1. State whether the residues of segment B:94-111 include one that is modelled with pLDDT of 95 or more and open to solvent by 30 Å² or more (accessible area, probe 1.4 Å).
2. Identify, from the list B:Phe80, B:Phe139, B:Phe87, B:Phe91, the residue that is out of contact with any strand residue (DSSP E or B) (no Cβ under 9 Å at 6 or more places or on another chain) and either of a type in the set (Phe, Trp, Tyr) or within 16 Å of ligand 3 (Cβ to nearest atom) (or both).
3. Is segment A:18-27 home to any residue that is over 20 Å from B:Glu61 (Cα atoms), more than 15 Å from the chain's Cα centre (by Cα) and open to solvent by less than 10 Å² (accessible area, probe 1.4 Å)?
4. Give A:Leu148, A:Leu109, A:Leu127, A:Leu139 a once-over and let me know the one that is closer than 14 Å to A:Ser57 by Cβ and either out of contact with any Ser or Thr (no Cβ under 8 Å at 6 or more places or on another chain) or touching a residue at least 12 places away in the same chain (Cβ under 8 Å) (or both).
5. Scan segment B:282-301 for residues that are in contact with a strand residue (DSSP E or B) (Cβ under 8 Å, 6 or more places away or on another chain), among the charged types (D, E, K, R) and open to solvent by 60 Å² or more (accessible area, probe 1.4 Å) and jot them down.
6. Checking B:Gly289 against (1) out of contact with any helix residue (DSSP H, G or I) (no Cβ under 9 Å at 6 or more places or on another chain); (2) over 21 Å from B:Met1 (Cβ atoms), only one condition comes out false. Which one?
7. Mind counting the residues in segment B:4-19 that are among the polar types (S, T, N, Q) and surrounded by fewer than 18 Cβ atoms within 10 Å (Cβ to Cβ)?
8. Any idea how many residues of segment B:70-99 are within 13 Å of chain A (Cβ to nearest Cβ) and in a loop (DSSP other than H, G, I, E, B)?
Amino acid sequence: MGEKRKVRAVITGLTKLAEDIFSMWIEESFMAGSAKAGQFLALYSDSAERLLPRPISICEIDREKGRLRMVFRVAGAGTEEFSQKKEGDSISVMGPLGNGYALKGKKALLFGGGIGIPPMLELAKELAQEPGCEVQAVLGYRDSRLFLKEELEAYARVYVSTEDGSAGTKGNVLDAVKEHGLTADMIYACGPKPMLKGIQKFAEACHIPAQLSLEEKMACGIGACLACVCESKETDSHSHVKNKRVCKDGPVFSAEEIVL
Amino acid sequence: MNTEVVIAGVSLKNPVMTASGTFGSGEEYSEFVDLNRLGGVVTKGMANVPWPGNKTPRIAEIACGMMNAIGLQNPGIDVFIKRDLPFLKQFHTNIIVNVCGKTIEDYCEVVERLSDEPDVSMLEINISCPNVKEGGIAFGQDPKAAERITSEVKKRARQPIIMKLSPNVTDITVMAKAAQEGGADAISLINTLTGMKIDINRRTFAVANKTGGVSGPAIKPIAVRMVYQAANAVKIPVIGMGGIMTVEDALEFIMAGATAVSIGTANFANPYATIEVIEGIERFMENNGVEDIHELIGCVK
Ligand SMILES: Cc1cc2nc3c(=O)[nH]c(=O)nc-3n(C[C@H](O)[C@H](O)[C@H](O)COP(=O)(O)OP(=O)(O)OC[C@H]3O[C@@H](n4cnc5c(N)ncnc54)[C@H](O)[C@@H]3O)c2cc1C
Ligand SMILES: Cc1cc2nc3c(=O)[nH]c(=O)nc-3n(C[C@H](O)[C@H](O)[C@H](O)COP(=O)(O)O)c2cc1C
Ligand code: FES
């Protein structure tokens with residue numbers, strides 16, 4: 001049998017980072033042992049009313065202590081329930097899921113938009129350990145309620161954009177790139193679809209390879225049900241149509257392989 | 001203790017199978033479940049050619065269940081035979097291929113392609129998918145059409161055929177009898193119930209297809225009722241499904257008259273669900289002094 005598991009994991013820390021944004025550490029040495037930046041976990045509700053898993057990105061991996069961190073926004077009943085748990089409680093979790101980012105290049109440009117910021121932390125941490133790799137991160141927020149920015153500053157040169165202009169560049173992440181004249185030889189991004197679309201175009205225009213992490217509604221989380229597909233340019237290897245599974249073939253795709 | 005059941009001459013070591021479309025061709029769940037322990041693996045619906053399926057969002061959660069409109073995305077029967085069948089053959093379980101199509105000819109083409117595959121134990125003919133415009137449900141809501149497609153498929157099939165019935169009908173016994181008349185070796189039910197969910201924040205439909213098939217515990221009482229009615233209307237074996245999460249759920253179907261059961265949506269909430277139900281049946285039989293599972297099948301009249 002494989003490297004994915006579903007277990008009941010103990011919550012070793014749960015803190016509020018900003019309005020509606022929570023950070024959760026769980027103890028799960030097996031998953032922590034094999035997890036990679038850009039992969040995600042499926043969290044399950046304790047209520048029989050909510051059957052489907054909530055996909056949440058891995059934000060940090062502590063392999064020594066066998067722990068994993070997730071940072072999530074309260075978006076509905078499921079994430080609300082998770083936010084009300086306490087240290088010492090347990091939570092059902094399956095993982096690690098998806099492919100994760102491929103670490104490449106010497107000048108990395110990371111884009112995190114809103115709740116797409118969390119996976120950038122583990123990624124920045126791992127890239128910073130690559131010899132001679134320069135790590136830059138552009139974080140897009142709605143307003144000045146920033147989260148994870150200071151933690152990212154430990155591993156990357158961080159730039160900020162806010163929709164209302166209350167911190168950093170006013171506008172989106174690409175406005176910040178323009179303002180600071182940032183360049184790169186590899187782009188990594190996670191965030192809302194309009195942002196990813198913009199980055200896909202930008203990457204193509206600048207001839208920079210880009211890895212984009214997508215979101216889609218999921219049921220199985222492991223590639224069996226075909227709920228979570230995205231359109232691909234080439235025929236996919238699983239169904240032989242032009243639909244790739246976000247949960248299994250992704251969530252990270254190269255910008256050229258997908259249609260957004 | 002005997003948990004073996006026989007459907008159209010095919011022996012299942014226990015009555016627990018997977019429900020089509022929730023378990024792929026078994027590969028993904030084999031990371032969680034020893035497929036050797038299952039009574040059977042029922043594959044995703046396979047057509048004569050690859051189908052792209054519907055637009056996303058394809059699913060939505062509802063209270064105690066979900067809605068799906070996958071639209072039968074599948075790689076087509078050739079890829080299935082080349083790639084998925086060799087994988088499944090490694091296991092000592094029954095391989096049941098779920099077949100879909102737009103026309104009778106499509107169905108027959110798939111069935112004929114599978115006639116040289118002795119490792120396929122049975123065929124489940126899906127005439128009940130609510131999520132594709134042509135075919136599927138068109139055969140599943142009209143008893144004459146159901147009987148006709150059953151007999152056409154039966155003529156060409158080398159393996160026993162299971163007709164998968166739709167619950168989206170007024171009288172399930174009429175459809176069950178039509179399948180029997182057409183020569184079906186067994187029937188399975190229920191497929192999903194057509195539903196709708198509105199996303200009030202986006203002011204649109206929660207699934208792109210507008211309607212979707214409802215599955216999971218929310219539909220279980222309806223499924224148990226229909227299995228009971230169907231089992232009492234026909235002589236051929238009935239495979240029951242619809243919202244089975246636990247062994248208690250599975251036993252309800254068995255006592256209502258199902259010779260075997262399929263587990264679908266539960267896999268999403270708990271990838272170990274099939275094995276837990278199998279172990280639960282053994283435990284129940286032991287605790288209740290049941291020597292043979294046949295003592296339970298249809299025991300509630
Ligand atoms: C690969 C991936 C990684 C993600 N990583 C994070 C993360 O690190 N932090 C974070 O806050 N959020 C993340 N999300 C989004 C997160 O999954 C949703 O916010 C969450 O599922 C909402 O659940 P709910 O019960 O609170 O909301 P509800 O709206 O009540 O959920 C109802 C159903 O819709 C699904 N759903 C709702 N929104 C989304 C969405 N955006 N994407 C996929 N399914 C959704 C839920 O899983 C559930 O099945 C990620 C999504 C994906 C696909
Ligand atoms: C995501 C999903 C995909 C499905 N795909 C198929 C399919 O391809 N063919 C089919 O006959 N039934 C399909 N079904 C129906 C199931 O096999 C089953 O009949 C139904 O979901 C009720 O059982 P459950 O409540 O245990 O899921 C699908 C169901 C779901 C949830
Ligand atoms: S969620 Fe089932 S295939 Fe991705």
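The values are calculated or read from the model by the stated rules, or taken from the named source; none is laboratory data. A quick note: this is a predicted structure, and the numbers were derived from the prediction, not measured. Methodologically, a virtual Cβ is constructed for each residue, glycine included, from the backbone with ideal geometry; neighbour enumeration extends over all protein chains shown. Accessible surface is based on the protein model in full, side chains and every heavy atom, while ligands, DNA and RNA are left aside. Shrake-Rupley method; radii C 1.70, N 1.55, O 1.52, S 1.80 Å.
1. Yes - at least one qualifying residue is present in segment B:94-111.
2. Details: B:Phe80 fails: out of contact with any strand residue (DSSP E or B) (no Cβ under 9 Å at 6 or more places or on another chain); B:Phe139 fails: out of contact with any strand residue (DSSP E or B) (no Cβ under 9 Å at 6 or more places or on another chain); B:Phe91 fails: out of contact with any strand residue (DSSP E or B) (no Cβ under 9 Å at 6 or more places or on another chain).
Testing whether each residue is out of contact with any strand residue (DSSP E or B) (no Cβ under 9 Å at 6 or more places or on another chain) and either of a type in the set (Phe, Trp, Tyr) or within 16 Å of ligand 3 (Cβ to nearest atom) (or both) leaves just B:Phe87.
3. At the first step, the residues of segment A:18-27 found to be over 20 Å from B:Glu61 (Cα atoms) are A:18-27.
Then drop every residue that is not more than 15 Å from the chain's Cα centre (by Cα), which leaves A:18-20, A:25-27.
Now drop any that are not open to solvent by less than 10 Å² (accessible area, probe 1.4 Å), which leaves A:26.
The answer is yes, given that some residue of segment A:18-27 is over 20 Å from B:Glu61 (Cα atoms), more than 15 Å from the chain's Cα centre (by Cα) and open to solvent by less than 10 Å² (accessible area, probe 1.4 Å).
4. Values: A:Leu109 fails: closer than 14 Å to A:Ser57 by Cβ; A:Leu127 fails: closer than 14 Å to A:Ser57 by Cβ; A:Leu139 fails: closer than 14 Å to A:Ser57 by Cβ.
Only one candidate qualifies: A:Leu148.
5. Going through segment B:282-301, the residues in contact with a strand residue (DSSP E or B) (Cβ under 8 Å, 6 or more places away or on another chain) turn out to be B:291-294, B:297.
From what is left, the residues that are among the charged types (D, E, K, R) are B:291-292.
The answer is B:Glu291, and nothing else.
6. All conditions pass for B:Gly289, except number (2).
7. If we filter segment B:4-19 for residues that are among the polar types (S, T, N, Q), which is where we start, we get B:11, B:14, B:18.
Adding the requirement that they be surrounded by fewer than 18 Cβ atoms within 10 Å (Cβ to Cβ) leaves B:11.
Going through segment B:4-19 one residue at a time, the tally reaches 1.
8. 7
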